[in-house]
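What follows is a set of notes on a single structure, which appears directly below.
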Amino acid sequence: MKKIEEIVEIDGRKLTLSNLDKPMWRKEGIAKSDIIQYYLSVAPKMIPLIRNRPLMLNRYPHGVPGKSFVQKDWPHHPDWVKTAPVRSESLNKTARHVVCDDKATLVWLANMACIEINQFLASARNVESHDMVLVDLDPHPPAGFEDSLEIAEAVHAALDQMKLRHMIKTSGADGIHFLIPIVPRYSIETIRRFVLLLGVLLERLAPKMVSTSRNKAQRAGKVYVDYFQNGLQKTIAAPFSLRPEPGAPVSFPLAHKDLGRSIHAEDFNLRTVPALLKRVPDFDTTPDQELERAFAELGAKS
């Protein structure tokens, strides 16, 4: 029988964990204690990838499926939880976004029913200047995960040719995300143009499989390269974040060799991922890469 409440100490921080037996994925038999244990297990791999970034938290106080809310501003939190000020036009004020730099903060978020953890593509020091480029491969039915994997092979090859270090991860659904650390000095328009040019290249190579069209009807059955996901204060599911879908899927980092394997999006979930952590390659998030060479490879100027 699981305890309903427990006081724990993590890295010198005392936390009161509450409602531990609360069902969070009722059909799957996943309780709140399972979510806390999951995030605790992935913390050593996850925290280095999200450190110093403002977070957007999707909270499900009554579990999945159920009513949820996105929390930007955290006026009340333990004094050891770091926050970063970000001007929010929707709230018409400066919001205090949580920044997760340690295991205790991650467990605290899990205890607050923050099932989905979304990260900025910029650091807390300079939220106006992105230090990550996102290449979002979004398959539109009847295209699916296998199509995303096939196009991801081509994206990986192109980025390798451009000498751009990148992380590959599942979206937690049928898509694939590429995250590319860059020097934070490019405008959003320049970043979008880079991703669009990459998408156009893929579209020319595989016109029946890839689309860059903003017209949804033209994306049917194709993998859409969504360059508009690069936008100020837009967020992306963090690596290792749970997604609020049936089966408790995870946005899981992949090695290049995984793209050629027979894998499925549902292979990566709350129950399976802790055992898969050893296969996750370490990734250097240092924002030190420039885009000029990449633009030249695409036949354009930055």
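Read-outs throughout are calculated quantities, based only on the coordinates presented, and are distinct from any laboratory measurement. The structure presented is a predicted model; accordingly, all values stated were derived computationally and were not measured. FYI the Cβ positions are ideal-geometry reconstructions off the backbone, even for glycines, and counts take in every protein chain you see.
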Worksheet item: What FRET efficiency comes out for the pair Lys163/Ile10, r = Cβ-Cβ distance, R0 = 30 Å, nearest 0.05?
Response: 0.15
Worksheet item: Which whole-number percentage describes the relative contact order of the chain, with Cα contacts under 8 Å and a sequence gap of 6 or more?
Response: 19
Worksheet entry | Helix runs (DSSP H) in the chain reaching 18 Å along axis by Cα, Kyte-Doolittle at least 0.5 | 32-50, 188-205
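Hey, got the dipole for the chain? About the Cα centre, +1 on K and R Cβ, -1 on D and E Cβ, debye to the nearest 20?
For the chain, the charge dipole is close to 480 debye.
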Worksheet, complete the sentence: With no solvent term and unit scatterers on the alpha-carbon positions of the chain, Debye gives log₁₀ I(q)/I(0) at q = 0.08, 0.10, 0.16 Å⁻¹ of -0.35, -0.55, -1.37
Practice prompt. Quick one: compute the contact order of region 195-252, relative version, from alpha carbon pairs under 8 angstrom and 6+ residues apart, as a percent.
Written response: 21
Fill in: Charge tally in the Cβ shell below 13 Å around Thr190, where Lys, Arg are +1 and Asp, Glu are -1, Thr190 excluded
+1
Worksheet entry | Links that overshoot a 23 Å alpha carbon limit, given the list Lys32/Lys169; Lys22/Lys278; Lys22/Lys93; Lys163/Lys257; Lys27/Lys67; Lys82/Lys103 | Lys32/Lys169; Lys22/Lys278; Lys22/Lys93
Worksheet item: Taking 0.36 nm per intervening residue step and subtracting the Cα-Cα distance, what contour gain separates Lys82 from Asp282 on full extension?
Response: 69.5 nm
Worksheet item: How long is the gain from His264 to Lys234 if the chain were fully straight, where each residue apart is worth 0.36 nm and the alpha carbon distance is subtracted?
Response: 8.1 nm
Worksheet item: Can you give the calculated 222 nm mean residue ellipticity of the chain, where each DSSP H run of n ≥ 4 adds -39,500 (n - 2.57) and the sum is split over every residue, rounded to the nearest 500 deg cm²/dmol?
Response: -7500 deg cm²/dmol
Worksheet item: So if R0 is 30 Å, what FRET efficiency would Lys208 and Arg51 give, r being the distance between their Cβ atoms, rounded to the nearest 0.05?
Response: 0.15
Worksheet item: What's the extension gain from Glu28 to Glu128 if we count 0.36 nm per residue and subtract their Cα-Cα distance?
Response: 32.0 nm
Discussion item. Quick check: Cα centre of region 196-217 to Cα centre of region 237-256, how many Å?
Written reply: 25
Worksheet item: For region 88-209, taking Cα atoms only, what is the radius of gyration to one decimal and the Dmax to the nearest whole Å?
Response: 17.0, 48
